[in-house]
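J.: This is the structure I have questions about; it appears just below.
Please treat every number below as a calculation from the coordinates, not as lab data. It should be emphasised that the depicted structure is a prediction, and the values quoted were computed from it without experimental measurement. Neighbour counts run over all protein chains shown; Cβ positions are idealised from the backbone, glycine included.
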Amino acid sequence: MTRWIRPGTGCCVLSALFFAALAGCGSSSARTDGAAVGNADGANDTVPALQGVFVPTGSMTVGREYHTATLLPNGKVLIAGGWVHGEVDDTADVASAELYDPGTGTFTATGSMNFARESHTATLLANGTVLITGGFHYQEWLASAELYDPRTGIFIVTGSLNVARAGHTATLLANGLVLIAGGYNGAIPATPQPIDPDAGFFYTGTFPATAELYDPGTGTFTATGSLNAARDGHTATLLPNGLVLIAGGNDGSSYLQSLASAELYDLGAGTFTATASMVAPRAGHTATLLSNGTVLIAGGDNGEPENAELFDPRVGTFASTGGIAESRSNHTATLLSNGTVLVAGGAGSVGDLASAELYDPDAARFVATGSMTGTRTLHTATLLQNGTVLLAGGSYGGGGWSASAELYQ
């Protein structure tokens, strides 16, 4: 049975439908030999690799992808939903959830969600609970939402979205509201249309340009201004000035036609306004707010661009920065405590990747670091309170789903 698949997950985040089926392999040892990396003028220089290693930690109770991972105030990580290992159709979307304890290095089951879902969002609210919204389950796009309370380990139903959606973004705003934007919904046709022998199937449907706000005080969603362009597989980043940058994604017109457009959401006005476009169109990319207030855009589909770019909120424009050493999409990007960004895994031109690299904002370049213990894409990466990064689950070359997890340190 074919299934709906989207590029990109969201810190965040689940467009065109993508499945990387080519195998890759990797090493768990740190790279210390130096590597060719891109710089801002597009040239490749050889620079020393930065130290950093991935080490295995306890495994999840089930292998899963399209799940979410949320750091809780108590230091544990909530893993929720996804598509689980060992199943062959969409009934494998699960409601199960588990907690990772950095103190013991183990995962343990916690209360299950009220609805099985994948490609949903999970947002830590100011009161310490986690908001789960939307997603997809067995030919159905979901409008339901629920809250996880770490004190009780229980999910409770809250108000529903006005528009069912998966592959959308959810952004916690400064006033405590949560902005839900874009995504995909629609009926699966009786005969899915193949788009590429290696890429899966494209399901015609709706890409809503709508957006809405969740109010934790009332437990309800309220419509706000709509996006200028319908999109999923995009990113949403809260800027220091309170605006939200929406960038890229796919509007559903063609699997290989990603968007370069970007827009800004202004909570005060309740509207989205177009800003300058990205240097390159992309979906399934990452967007990371750096300590200097700029936003690093890296990777993505549309030929899996190796270039990266920076958005500067002060001038409202994108500019190229150092190129990624290895093209990738559906990867993760994590801001580390030292200000660098760890980019790990994803699907590359030769299959799923185990490689990782670090972006150094001061040098404006990517530098190789240690490789993961195995290939993975559509996984999650969570910065822990001790400064290490937990990478969990995802798929790996050959079409398997991983229960494994590892720590970058």
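J.: Could you give the dipole magnitude of the range 35-408 about its Cα centre, charging the beta-carbon of Lys and Arg +1 and that of Asp and Glu -1, in debye to the nearest 20?
T.: About 560 debye.
J.: Relative to the present Cα-Cα distance, how much length would full extension add between Ala109 and Ser59 at 0.36 nm per residue of separation?
T.: Values: separation 50, 0.36 × 50 = 18.00 nm, distance 1.18 nm.
Using 0.36 nm per residue and subtracting the Cα-Cα distance, I get 16.8 nm.
J.: If you rank Tyr100, Tyr138 by fewest surrounding Cβ atoms within 10 Å, what's the result?
T.: Tyr138, Tyr100
J.: Once each part is reduced to its C-alpha centroid, what is the distance from the range 122-176 to the range 305-343 in angstrom?
T.: Each part reduced to its Cα centre gives a spacing of 27 Å.
J.: Along each principal axis of its Cα atoms, how long is the range 35-408 end to end? Whole angstroms, biggest number first, please.
T.: Computed over the Cα atoms, the extents are 53, 46, 45 Å.
J.: I've got another one for you. With no solvent and one equal point scatterer placed on each C-alpha of the range 308-381, evaluate the Debye formula and give log10 I(q)/I(0) for q = 0.11, 0.13, 0.20 Å⁻¹, two decimals.
T.: Debye output, listed in q order: -0.28, -0.39, -0.86.
J.: Using each residue's phi in the range 288-294, evaluate 6.51 cos²θ - 1.76 cosθ + 1.60 at θ = phi - 60° and report the 3J(HN,Hα) Karplus result to the nearest Hz, with x for Gly and Pro.
T.: Listing the rounded values in order: 10, 6, 8, 5, 8, x, 8 Hz.
J.: Please identify which residues in the range 142-159 have an amide N closer than 15 Å to a label point set 7 Å out from the Cα of Asn74, following the Cα→Cβ vector.
T.: 148-155
J.: If the chain between Asn338 and Asn127 were fully stretched, how many nm would it gain, using 0.36 nm times the residue separation less the Cα-Cα distance?
T.: So the chain would gain 73.2 nm between Asn338 and Asn127.
J.: Whole-Hz ³J(HN,Hα) for each residue in the range 343-360, computed from phi via Karplus 6.51 cos²θ - 1.76 cosθ + 1.60 with θ = phi - 60°, x for glycine and proline: what do you get?
T.: Working through the residues one at a time gives 10, 9, x, x, 9, x, 5, 10, x, 5, 10, 9, 5, 9, 8, 10, 9, 9 Hz.
J.: Right, another one. Normalising by the residue count of the range 35-408, find the relative contact order in percent from Cα pairs under 8 Å and 6+ residues apart.
T.: 16
J.: In addition: Output the Cα-based Rg and Dmax of the range 281-409 in Å, rounding Rg to one decimal and Dmax to a whole number.
T.: Considering the range 281-409 through its Cα atoms, Rg and Dmax are 14.0, 45 Å.
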